[in-house]
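This report concerns only the one structure given below.
The values are calculated or read from the model by the stated rules, or taken from the named source; none is laboratory data. Because the structure is a prediction, the values reported are computed rather than measured. With ideal geometry, Cβ positions are generated from the backbone for all residues, glycine too; neighbour counts draw on all protein chains shown.
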Amino acid sequence: MGENLFEHLQRGEGLFRDRRALGHAFKPADLPHRDKEIETLVHNFADALKGFAPSNMILYGMPGSGKTAVTRHVSSQLQERGAKIGQPIHTIEINCRNIDTKYRVLAEIGNALRLEGDSQIPFTGWPADKVFECVRARMDARTGAHIIVLDEVDHLISRVGDDLLYSLTSLNTGLLDQSCCSIVGISNDLAFTEMLDPRVESRLAPIDVVFKPYNASQLEDVLFTRATTGISEGVLDSDVIPLCAALAAKEHGDARRALDLLRISVQKAEMHDEKMVTVSHVRMAQNQLEFDQITPAVANLPLQQKLILFSILINEKNGLKNISTGEVYGTYESACENAGEKPLTTRRVSSLISDLDMMGIISAKTISKGRQGRSKRINSCLPPAFDPFQVMQVSDTIMTDVVNGRYRLQRRL
Ligand SMILES: Nc1ncnc2c1ncn2[C@@H]1O[C@H](COP(=O)(O)OP(=O)(O)OP(=O)(O)O)[C@@H](O)[C@H]1O
Ligand SMILES: [Mg+2]
């Protein structure tokens, strides 16, 4: 028998000290460059320790700007402090991407507040006002301050409206006797309040906190603090963290992306049995992340979108750049024939091309051609090593006939 499959991974020191410290579930105790945001939350929540309701808040910011991490950190410190001084504080965090109806959010809050002997609110079936009354009564039974964090709340509001927020914010206007309640809404859509009825907006958002995207040098500090716990000493080449930070700074300063890059870079070095992590591992990690993002985006396109994308790419493969909508349409008609599909109108195809542009799969710049009107210059944005034809065929068997079909393609001089 040869070496055990796991043996080489356990040999030597290992590049990770604690790989969980670079994972998504880790709760960092130190959050560099978020002092001001932390301070605002602390200042507001301090009222809960005196038995008053803190103001409701909305936290905004791009993905990966630390909204969830900051809120969890401050909430857990608040609970710890409350326990120490004997002031009951209950914080409940709900992710509204997963729990996405008014009923389910209220049921979740009610069940989190259950005391011994209280019944479980069922998944569905109770009348809405019964669930709400149950939440109210359980808040009072528990006394103290209740902080309800509605993370990614924009998802819920855009799906089902702001009724839930109206009900929850009404708890503090006379409905609670023995307790108080405060709502923290977290959103990465800055225009989120436009979805709200003005009455709900004015109740909900006396305090707005905007989390600015991190810049490259701030992301370096974020990575350094996490790397100290997560990665063995002396194994990172000095350029690794700056490169991860610079690449993530381009992705709207996303700390999650920066951490993913660093974690995957170390994994790549481990897989290659190397003792040092270098910029070449960061490049591999970046490629993998791009692949991981782009593969489902292309695979999940509807068939008509795939036919359009195919028509752009096959022209490009044939040496054509800055393709016009007309050139795409000519190929697209043949692709439809090979797929046995009826072609859409040029107008519809033009709008689907704009959708592909919005998704970042292609770029379609509109240019003016003087009196001949306007036209598009279309180019692929897919990474060179990515094989879109393969992904399209695996996800849609009809695409095999399309990819293997014959096309009369032009080549511009
Ligand atoms: N200042 C920081 N220091 C250390 N780690 C951080 C910092 N800011 C963010 N992180 C980490 O980056 C990742 C993303 O942060 P977080 O989940 O808080 O972002 P978010 O703003 O809630 O994003 P989304 O809008 O996508 O939910 C988490 O792993 C978090 O621990
Ligand atoms: Mg979040």
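General remarks:
- Qualifying residue in the stretch 392-403 (condition: of a type in the set (Ser, Thr, Tyr), free of Cβ contacts under 8 Å to residues at least 12 places away in the same chain and surrounded by fewer than 13 Cβ atoms within 10 Å (Cβ to Cβ)): yes
- Qualifying residue in the stretch 164-182 (condition: at positive phi and assigned to a helix (DSSP H, G or I)): yes
- Scan of the stretch 360-391 for residues that are in contact (Cβ under 8 Å) with a residue 12 or more places away in the chain and hydroxyl-bearing (Ser, Thr, Tyr), ordered by number: Ser363, Ser375, Ser380
- Per-region count, the stretch 258-290, residues closer than 19 Å to Leu382 by Cα and of a type outside the set (A, V, I, L, M): 5
- Cβ pairs under 6 Å, 6+ apart, first in the stretch 18-41 and under 13 Å from Gln218 (Cβ atoms), second within 16 Å of ligand 2 (Cβ to nearest atom) and part of a loop (DSSP other than H, G, I, E, B): Arg34/Gly66
- Residues that are closer than 27 Å to Ala46 by Cα and without any contact (Cβ under 8 Å) to a residue 24 or more places away in the chain, drawn from the stretch 85-137: Gly86, Glu108, Asn111, Ala112, Ala137
- Verdict on Lys102 being assigned by TED's automatic domain parsing to the domain that holds Ala145, over 30 Å from Glu251 (Cβ atoms) and among the basic types (Lys, Arg): yes
- Put simply, of Gly185, Gly161 the only residue that is at pLDDT below 90 and within 22 Å of the chain's Cα centre (by Cα) is Gly161.
- All positions within the stretch 193-231 that are within 16 Å of ligand 1 (Cβ to nearest atom), in contact (Cβ under 8 Å) with a residue 40 or more places away in the chain and of a type in the set (Ser, Thr, Tyr): Tyr214, Thr225, Thr229
- Neighbours by Cβ (under 9 Å, 6+ apart or cross-chain): first from the stretch 141-152, assigned by TED's automatic domain parsing to the domain that holds Leu204; second away from ligand 2 (no atom under 16 Å from the Cβ) and among the aromatic types (Phe, Trp, Tyr): Ala145/Phe45; Ala145/Phe52; Ile147/Phe45
- Checking each residue in the stretch 62-80 for being near ligand 2 (Cβ under 9 Å from one of its atoms) and not β-branched (Val, Ile, Thr) picks out Pro63, Gly64, Ser65, Gly66, Lys67, Ala69.
- In the set (1) farther than 15 Å from Tyr60 by Cβ; (2) surrounded by 15 or more Cβ atoms within 10 Å (Cβ to Cβ); (3) without any contact (Cβ under 8 Å) to a residue 60 or more places away in the chain, Asp239 fails one condition alone, (2).
- Screening Asn188 on (1) buried (at least 22 other Cβ atoms within 10 Å of the Cβ); (2) within 12 Å of ligand 1 (Cβ to nearest atom) shows it passes everything except condition (1).
- Out of Val282, Val328, sole residue that is farther than 21 Å from Val394 by Cα, assigned by TED's automatic domain parsing to the domain that holds Ser351 and either crowded, with 16+ Cβ neighbours inside 10 Å or touching a Phe, Trp or Tyr at 6+ places or on another chain (Cβ under 8 Å) (or both): Val328
- Filter result (modelled with pLDDT under 95 and either surrounded by 22 or more Cβ atoms within 10 Å (Cβ to Cβ) or not polar (S, T, N, Q) (or both)) within the stretch 285-296: Leu289, Glu290, Phe291, Asp292, Ile294, Pro296
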